[in-house]
Amino acid sequence: MLNLVLFGPPGAGKGTQSEKLIQKYNLVHLSTGDLLRSQIAAGTELGLRAKQLMDHGLLVPDEVVIGMIENKLRENQSAPGFIFDGFPRTVLQAEALDQLLSHYQAPIATMIALVVNDEELIRRLLKRGETSGRPDDRDEATARRRVSVYNKETMPVADYYSQQGKFAAIDGIGNIDDIFQAICQKIEESRL
Ligand code: B4P
């Protein structure tokens, strides 16, 4: 099994690179953002509660996203591996993920962190907001709040993996295919 965490601030290119990685490595893509948006689209109670937080650029409670990931792991027990996109976003989520994966004897191989400066992130999010219809991409104040929440609540997750010797940073600015090649190289190194 190959289990990867794709990490980075909102707008760093996690979703973009995940699409390419799942094709190359045949992995199951678990994006907590996508899972939450499908709950919102389905009008579930969980979705309605999550929407109020997401629209304001805030994180959804840990137990909600951990529960969603737990269900998906159970549903995909024969998968060749997973790419975790946008999860874990807090140290508590990272600890829960390690615990869940211990049941499958398939720990995280590596965390790939996409590094992009704040101003480029805001530019990308607002550009996507012109067409995505995502409420959290629409105005600058919300985009800035998301980046600030990332810096305060999510950045410590990088230290968590770094302490386990599982952290690899990649420059997330530049050509999408070049960034993809750099990510693949880090993945291959982690498998040696
Ligand atoms: P996500 O869906 O994870 O949204 P995101 O951070 O914006 O990342 P995304 O993958 O969509 O964007 P990407 O960087 O690919 O989360 C949304 C919300 O859900 C969170 O704010 C939170 O409320 C909630 N949530 C999700 N997971 C949670 C968790 N675990 N715990 C608690 N709450 C959670 O791309 C952005 C744009 O950049 C795109 O338009 C793309 O085309 C462009 N781009 C990508 N690469 C580029 C490049 N190299 N050059 C130029 N542009 C590029």
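Among the residues of the range 82-97, is any assigned to a strand (DSSP E or B), more than 10 Å from the ligand (Cβ to nearest atom) and closer than 28 Å to R134 by Cβ? Yes; the residues of the range 82-97 include at least one that is assigned to a strand (DSSP E or B), more than 10 Å from the ligand (Cβ to nearest atom) and closer than 28 Å to R134 by Cβ.
Let's see how each residue does on (1) within 24 Å of N3 (Cα to Cα); (2) more than 10 Å from the ligand (Cβ to nearest atom); (3) of a type in the set (A, V, I, L, M); (4) at pLDDT 95 or above:
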| residue | (1), (2), (3), (4) |
| --- | --- |
| I108 | yes, yes, yes, yes |
| L114 | yes, no, yes, yes |
| E120 | no, no, no, yes |
| K127 | no, no, no, yes |
| D139 | no, yes, no, no |
| A169 | yes, yes, yes, yes |
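Is it true that some residue in the range 115-135 is touching a strand residue (DSSP E or B) at 6+ places or on another chain (Cβ under 7 Å) and not in a helix (DSSP H, G or I)? Yes: one or more hits. Being in a helix (DSSP H, G or I) and among the hydrophobic types (A, V, I, L, M, F, W, C), is that true of even one residue in the range 145-154? Yes - at least one qualifying residue is present in the range 145-154. Candidates in the range 9-32 are the residues that are near the ligand (Cβ under 9 Å from one of its atoms) and β-branched (V, I, T); of these, the one that is nearest to the chain's Cα centre (by Cα) is T32. Listed by first and then second residue, the pairs linking a residue in the range 53-76 that is near the ligand (Cβ under 8 Å from one of its atoms) to a residue that is modelled with pLDDT under 95 and part of a loop (DSSP other than H, G, I, E, B), with Cβ atoms under 9 Å apart and 6 or more places separating them unless they lie on different chains, are M54/R134. Based on this model, can you work out whether A168 counts as in contact (Cβ under 8 Å) with a residue 40 or more places away in the chain, small (G, A, S), outside any helix (DSSP H, G or I) and touching a helix residue (DSSP H, G or I) at 6+ places or on another chain (Cβ under 6 Å)? Yes, satisfied.
The values are calculated or read from the model by the stated rules, or taken from the named source; none is laboratory data. Quick caveat: nothing in here was measured; it's all calculated off a predicted structure. As a convention, Cβ positions derive from the backbone with ideal geometry for all residues, glycine included, and neighbour counts pool all protein chains shown.
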